[in-house]
Every structure is written in C-alpha cells, then in structure tokens.
Ligand SMILES: Cc1cc2nc3c(=O)[nH]c(=O)nc-3n(C[C@H](O)[C@H](O)[C@H](O)COP(=O)(O)OP(=O)(O)OC[C@H]3O[C@@H](n4cnc5c(N)ncnc54)[C@H](O)[C@@H]3O)c2cc1C
C-alpha cells in the first residue's frame, strides 16, 4: 500500500470518549499523480471557450473571480470546497477555521471587499491573548513582570531597527536581533516563529519576526470561522449570479499557451477529462503546483520558484458540546510544546452577543512542521488516532477540562502550507513577479507581497486588472 493510502481514513472513528473525524485539508492522490507524471490523456479539442479561466479557488482565486464578476470566466478548484488554506468547518453552529484565522485591520483592498460583501469582522484586542511561558499563564501584552518587560523592550527595539536597518531586515535573520533576551522568553518567541512560518528564528528574516511581535500587539480582526468567512461570502456572491462559474472537484493537469490565448486541461469528480480555452488564464495555485502544471515557463522563473521552501501544517479542531474552557480568544504555548497558537472559535460569537450555550466550544490548534520532504512525509504518514491521543494529552496539560469534554476532533493537513520567509525570499518573489506573459498571470498570494489575506487581494487585483486590459484590447 502506498504511503498516501496507508492511513487515510474515510469514516469517523470512536476513540477514548471522542470521535476522530475523517482527514480534511490536502488530499494527495491527484497531486502525487501529477508529480509522478501519471497524467491522463488530454482531449484534442476544447469543449468550451470562455474569456478567462482562474485556476485555484483559494482566497486569491476567489477574489480574482469577484473582481471579474461581470466577465465571462470559469474558476477551477481541485477540492469539493473553495477556500484553500482559508477554508473552515462548522460544529453546532460555530464556524471554525482550518487555516487562516484572522487578519489585522481593514486598510485598502480588505476594507473595500468587506464592505462590498457586507461582512464585518469582530475586533479583538491583544488583552484577549494568553501566553504560556516558563510554566505559567500570562495575559495581554501589558504588564510589569519579566515577560511583559521583555515583550515591550523587543517592541520598542523593533521600532529603532526598522529605522536604522531598512533593507537589511530582509537579508538578516530574526535571531540576529534576539541575543540579549531572557531564555524563557526566547522559548516562546521560538514557538511563535514556528507557528507563523514553520521555521525557527534563525531561519526567517528579521522583518518576518518583527511582523509577529507587531501583529500580536495589535487588534485581531476576526470573522466567524476566521478568513473562511470571506471565501464563503465570495463563493455565495458568485454562485448567486450563476452557479456555472465556480467548478469544484476540478483538478487542473495542464495550462498551456494557444493561438487564442491559453488552454486548460482538468478532470472532474468522475475522472472525466476536459479542455477549456480562454483569452487569458490566471493561475492562483502555489508556485510548486504552477511549476508542474504550467508549460512554457521561462527558465528564470523556474529557477526562482525552485528556491522556495514550504513548511507543512496540521490544524486540529477540538469540538466540545459545552463551553468548559474559560480562556481568552487566543493562547500561545512555549517550547517544548510542538504546537503554539490556539484560538477559541466561539470568541467572535461571544464578543458580538450571538453566542448560545448549546453551540458548545471549538479550540483550533496549530501544529507546524519544518520545511522539506522529511517533515512532509511525517505529516503524510501520521496515524490519526495516535496523533489525536498525543495532542489531547498535551493540550490537557494546558487546558485541564479538555480531556473529558471532547465530542470530536477534526485533523486538517496542509502539505506545502507556508512559504518560509528565509533571508532573501522577498528578492526571489520580487524577481519572479517581473517575469510576465501575455497569456497567463500568476496570482497566488505570494505574488502579492506575501502569503496572507493582503497578499492574496493584491495579487487578485493585479490579475483582474490585467484581464480587464486583455478584454478591452480584444473588443476594440
Ligand atoms: C495553517 C495556516 C494558518 C494561516 N493563518 C493565516 C492568518 O491567520 N491570516 C492570514 O492572512 N493568512 C494566514 N495563512 C496564510 C494563507 O495561506 C493565506 O492567507 C491565504 O489563504 C492564501 O490564499 P491563496 O489563494 O493565495 O492560496 P491557497 O490557499 O494555497 O489556494 C490555492 C488554491 O488552489 C487550489 N489548487 C491547487 N492545485 C490545484 C490544481 N491542480 N487544480 C485546481 N486547483 C488547485 C487549492 O486547492 C487551493 O484552493 C495561514 C496559512 C495556513 C496554512
């Protein structure tokens, strides 16, 4: 049996007092066929022609579709649900996140989009954060004890470094700026860095590290189910105009230039293979997928994208029928816990007065894995029952009532979840952005300045603007 099939469970199973639901997140079956060159024969002729094809229905693909909502397009998403790493689930009426949990602020494209979609985040201040550091729980970012003094010293030094070191902050590692801090404080910082980027402070840029400290000192903007709410709202808006435009369970095998623009080959849920032609194609998959599906990529782009490293993630949603954990919105655990960020999915409901006791509680826990094939193999071959048991045992050290109040656990795996912002990555991405073509625009969040909501919207806006130019050119 192949590694990918060895521990795939398709049904829920009862464990010590709680159920482990089927895996969610990445399904490696077709991706590994593509990797191994086991690709189905494509049809010669297109059965359909549209103006634009959007490949991938994560937040970048969905936002592109929203910006092109008055155009003739089709979006192809490999899974049954849109959202990608910003997707989510539901337990007793609580929407929870399987990936992106929040954003900061509503500046620029974000605010405009939220307003157009008529969705409003709940603003949660950093006083609703707890830290497990050196064996103790601490709250907020204000205080006079050692932890809070270290936090605020780092925050004020960041200000100075940003003024003095400028561009160097993309080339130097975060660890360069941490040498004078308390050991126990650094145990938390190390875990924070891993939970944001799947890498240690030594392996991420100073800018990336400073971003963590500034973000966690600011308000969090939280929707029901985290950023999955944005994906649900866009999907609903597009589907309400026509349910023919977003095609889920549509795995794209190839994207190539054609005399009219581009041609895309994909298979549907039943395995039937289709070809669709268009004037312009927008590829919103991560670069490692684009490298496999897009033909005629310039060698410079291939070599730049091949330099990117991806960390893996496992996200665990612990569902409880009663609210037994009286903790703030989010908590962070220090080393040696193998996980760090933990968020209460019911918090936006509570803070906006919509929470009802029968909704219970969902704790979302983020377990990062390092970049590289060894860690990805570990994620792929996890035994779900053993993993759930081990997580519950460790989480119960922090949240004692969890163990006896669980109803179910959902485990989500993301194989190439996060690009590690190692020194030099931004220059690689900037150079990659300069390589453009007439028939294809690359618009994954990483093309918009970083793998985040902001990056996804910037990439989507740029792609939509390019498409609109193509459209005008063809009509005139
Ligand atoms: C665990 C985790 C937590 C995160 N937390 C946050 C957070 O709190 N805030 C934040 O701003 N960001 C967060 N992020 C970053 C997140 O990745 C971005 O915010 C955003 O969701 C990226 O969207 P995207 O559309 O660019 O990429 P993706 O989400 O990677 O979307 C790509 C889409 O393409 C589809 N696809 C891939 N290959 C094919 C194919 N061959 N055919 C068809 N479809 C295909 C995928 O299924 C997916 O839907 C988090 C990421 C992870 C993994």
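Tabulated values for the structure
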{"quantity": "Inter-site label distance for residue 438 and residue 351 at 7 Å from Cα along Cβ, in nm", "calculated": "5.0 nm"}
{"quantity": "Listed peptides 347-354, 274-281, 397-404 by packing density, highest first (mean Cβ within 10 Å)", "calculated": "274-281, 347-354, 397-404"}
{"quantity": "R0 of 30 Å, Cβ-Cβ distance residue 407-residue 142: FRET efficiency to nearest 0.05", "calculated": "0.25"}
{"quantity": "FRET E, pair residue 258, residue 431, Förster distance 25 Å, beta-carbon r, rounded to 0.05", "calculated": "0.35"}
{"quantity": "Cα-based equivalent ellipsoid of segment 317-360: semi-axis lengths in Å, sorted from largest, via gyration tensor", "calculated": "23, 12, 7"}
{"quantity": "Cα principal axis extents for segment 30-189, largest first, Å", "calculated": "68, 39, 35"}
{"quantity": "Per-selection metrics, segment 52-114 (Cα): Rg and Dmax in Å", "calculated": "13.4, 39"}
{"quantity": "Crossing angle, helix 206-216 versus the chain [Cα axis fit, 0-90 degrees, rounded to tens]", "calculated": "70 degrees"}
{"quantity": "Cα principal axis extents for segment 417-472, largest first, Å", "calculated": "40, 22, 15"}
{"quantity": "Spherically averaged projected area in nm², based on the convex hull that wraps the Cα atoms of the chain", "calculated": "22.7 nm²"}
{"quantity": "Calculated P(r) tail over 15 Å for segment 193-279, as whole % of Cα pairs", "calculated": "76 percent"}
{"quantity": "Förster radius 35 Å - calculated FRET efficiency between residue 299 and residue 49 (Cβ-Cβ, nearest 0.05)", "calculated": "0.70"}
{"quantity": "Considering only the chain, percent of DSSP beta bridges that pair antiparallel, nearest 5", "calculated": "70 percent"}
{"quantity": "Cα centroid of segment 293-362 to Cα centroid of segment 195-251, whole Å", "calculated": "10 Å"}
{"quantity": "Shape call, segment 162-220: gyration tensor on alpha carbons, a/c limit 1.5", "calculated": "rounded"}
{"quantity": "Full-extension gain in nm, residue 119 to residue 335, via 0.36 nm per residue minus C-alpha separation", "calculated": "74.1 nm"}
{"quantity": "Helix axis angle, 183-197 relative to the chain longest principal axis, alpha carbon, degrees", "calculated": "20 degrees"}
{"quantity": "Cα-based Rg and Dmax for segment 340-437, where Dmax is the largest Cα-Cα distance (Å)", "calculated": "18.8, 57"}
{"quantity": "Rg to Rh, two decimals, where segment 331-397 supplies the alpha carbon set and Rh follows Kirkwood", "calculated": "1.07"}
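Read the figures in this text as sums done on the coordinates, not as results from a lab. Since we're looking at a predicted model, the values are computed, not measured. Note that we place each Cβ from the backbone using ideal geometry, even for glycine, and neighbour counts take in every protein chain shown.
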